[in-house]
Amino acid sequence: MGVTHIWIETDKIARDLFISRQRNYCDRNELPAAIGVREGSEILPLMGYGEQWRRYKNFMHLIMRHANPQAFYGWPAIENKKTIRRILENPDAWSEHLLVHCARTIASIAWGDPQHGSKLLTIIPIILKNVSPAGPLINKLTFLSNLPESISPWKKEEAARKAEMTDAFMEPLQDAKNRSVQGTLADSWSKLWLEKEKGTEHLDFYEAAHAIGSSSFVAIATVGGPLHAFFLAMCHYPSWQYKVQEEIDRVCGDRLPEVGDFPQLPVLRATAKEVLRWRQATPLGVPHVAMEDDVYEGYLIPKGAICHANHYLISREPSLYPRGDEFVPDRWLDPSWPTYKEPLSEFPNFRGDTGFGYGNRGCPGVDLTFTELVTLIGSLLWAFEIKRPEGRDGRNAPIPWYETAPWVITMTKPFKCDIKVRSEEKRRQILTEFPAGDNLVVDNEKQKKDRWTVVRPQDKLFNWDGLTDQATDFNRVYPEGA
Ligand code: HEM
């Protein structure tokens, strides 16, 4: 009785099972606090294997491929400027600005309107907690899922969550449809589907709304997590920052880095790649469930076993990643490291990065993550110096070493740091040439426009319903060399 969990700690075993034998390891598991998600047709990453999943996944690959890959219709570049300006004007709220950036960017790509990002910010905390072992009690005491709906608080909450999520996915697609009729819909995934471009017509309205919506809500914490970790890296490894800035200044001069600059920016790409490795967005991956009994190197893996690729350990395997606990972007740039690859105009990049999972359940968001992370990190370093507070301030607000919230997508907790614009000329340029504002988070209930507007707790920093609480654990345990 009970469920077998199998923890995979090397890249080789993960590849042997999830790629070479992928047909047997592509199911997902039941989640007691998110009842029905595995069988339902709402959330692509958590759907059980089957025809519906295949249709959604093919659809996502199609729209990713045709959404002007790399530049993504220019939406990330537009948001980079707005985010840099928001951070200049209110640097202490950097964590909020990064989350709003991710929400606005993916909402623009998905529905051609960044304002729909507030719907994603609203629904994510509940679903992310519900699918995490550290979430509701029912995820640990699974027998509680036998309680009938009339007396189960979890089943009632889950029904409400599902209804809210469906609204959050259907309303923006309906809005995109209306704009399409008026001829004002901007380039986006929705437009590709509505105009039945490139073979995207095989999903109906409900399906397209959920395929697009459920692939959008995973694009906020996954990208936001590494962005938070980037701030951490800059505070712990200040000298690296100057090396990246030297490259950006030389290649880009008085403008922000763009996708077209990538071949000339290996140091910047290596920085983003190392952030992903150093502080994994999904350190324990997303489980793959065995569909039939299997034998691997003499061990029985029974049907129904939940197999977890431990990305935290895989990204620290000593033979591939020496000094794995340290942030060393040079491992991607210097031939003496085992991960080095040429030509540097192409490598490092995110293609084939194990942090995005394995086989047919692998992440379809690799290209978008690459574009978004590299251009925003580059823009931040073009504009600012990011460092730990000095003097008394620094003593009162030390920088955490590794502290995250306990949910399946782990985000580095925010902390106090100094963000200074690099020159008066850059300040002038940002204030005159970069568009202002457009936050999705408001100060108080009176400013709410609709049920989706996100309100910041009064006189406090935004903490995204507990997903981005400020760090409190400052017991630094540095690895050798850090
Ligand atoms: C740092 C950024 C990201 C990381 C580390 C990441 C990681 C992952 C991982 C580990 C999986 C599970 C793979 C497996 O089962 O083996 C996954 C699945 C998925 N990801 Fe990502 N992801 C990221 C960004 C994104 C973005 C930006 C999007 C959407 C635009 C996205 C959409 C998805 C979807 C739809 C799935 C489900 C695939 C399936 O179940 O078949 N991800 N991702």
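What the table below lists for this structure:
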| read-out | value |
| --- | --- |
| Given (1) within 14 Å of the ligand (Cβ to nearest atom); (2) surrounded by 24 or more Cβ atoms within 10 Å (Cβ to Cβ), index of the condition K119 fails | (1) |
| Residues satisfying the stated conditions in segment 240-267, i.e. open to solvent by less than 60 Å² (accessible area, probe 1.4 Å), out of contact with any Lys or Arg (no Cβ under 8 Å at 6 or more places or on another chain), touching a residue at least 60 places away in the same chain (Cβ under 8 Å) and not in a helix (DSSP H, G or I) | P257, L265 |
| Test: residue in segment 154-175 that is open to solvent by 30 Å² or more (accessible area, probe 1.4 Å), among the polar types (S, T, N, Q) and under 25 Å from the mean Cα position of the chain (by Cα) | no |
| Selection count, segment 181-239, where residues are open to solvent by 50 Å² or more (accessible area, probe 1.4 Å) and within 16 Å of T105 (Cβ to Cβ) | 1 |
| Residues being under 17 Å from Y242 (Cα atoms) and surrounded by fewer than 18 Cβ atoms within 10 Å (Cβ to Cβ) - total across segment 324-346 | 1 |
| Pair list, Cβ < 6 Å and 6+ apart or interchain, from segment 91-113 residues that are on the phi < 0 side of the Ramachandran plot and modelled with pLDDT of 95 or more to residues that are assigned to a helix (DSSP H, G or I) and β-branched (V, I, T) | W94/I87; H97/T83; H97/I87; H101/T83; C102/I220; C102/V223; A103/I220; A110/I212 |
| Which listed residue is in a helix (DSSP H, G or I) and at pLDDT below 75, from L192, L128, L144, L173 | L144 |
| Residue match in segment 292-311 (condition: touching a Cys at 6+ places or on another chain (Cβ under 7 Å), open to solvent by less than 40 Å² (accessible area, probe 1.4 Å), of a type outside the set (A, V, I, L, M) and part of a helix (DSSP H, G or I)) | no |
| Per-region count, segment 268-287, residues part of a helix (DSSP H, G or I), touching a Phe, Trp or Tyr at 6+ places or on another chain (Cβ under 6 Å), touching a residue at least 60 places away in the same chain (Cβ under 8 Å) and not charged (D, E, K, R) | 2 |
| Residue match in segment 364-382 (condition: more than 13 Å from the ligand (Cβ to nearest atom), touching a residue at least 24 places away in the same chain (Cβ under 8 Å), open to solvent by 10 Å² or more (accessible area, probe 1.4 Å) and not charged (D, E, K, R)) | no |
| Filter pass, K273 being buried (at least 20 other Cβ atoms within 10 Å of the Cβ) and either more than 16 Å from the ligand (Cβ to nearest atom) or over 25 Å from P133 (Cα atoms) (or both) | yes |
| Residue in segment 90-106 that is of a type in the set (V, I, T), within 12 Å of the ligand (Cβ to nearest atom) and open to solvent by less than 10 Å² (accessible area, probe 1.4 Å) present | yes |
| Among the candidates I13, I19, residue that is open to solvent by 50 Å² or more (accessible area, probe 1.4 Å), within 11 Å of the ligand (Cβ to nearest atom) and under 21 Å from S315 (Cα atoms) | I19 |
| Residue match in segment 344-352 (condition: in contact (Cβ under 8 Å) with a residue 24 or more places away in the chain, within 16 Å of the ligand (Cβ to nearest atom), at negative phi and not in a loop (DSSP other than H, G, I, E, B)) | no |
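The values are calculated or read from the model by the stated rules, or taken from the named source; none is laboratory data. Just so it is clear, the structure is predicted and the values come from calculations on it, not from any experiment. In this analysis, Cβ positions are derived from the backbone assuming ideal geometry, glycine residues included, and neighbour counts consider all displayed protein chains. Protein only, heavy atoms only, side chains kept; ligands, DNA and RNA dropped before computing areas. Shrake-Rupley method; radii C 1.70, N 1.55, O 1.52, S 1.80 Å.
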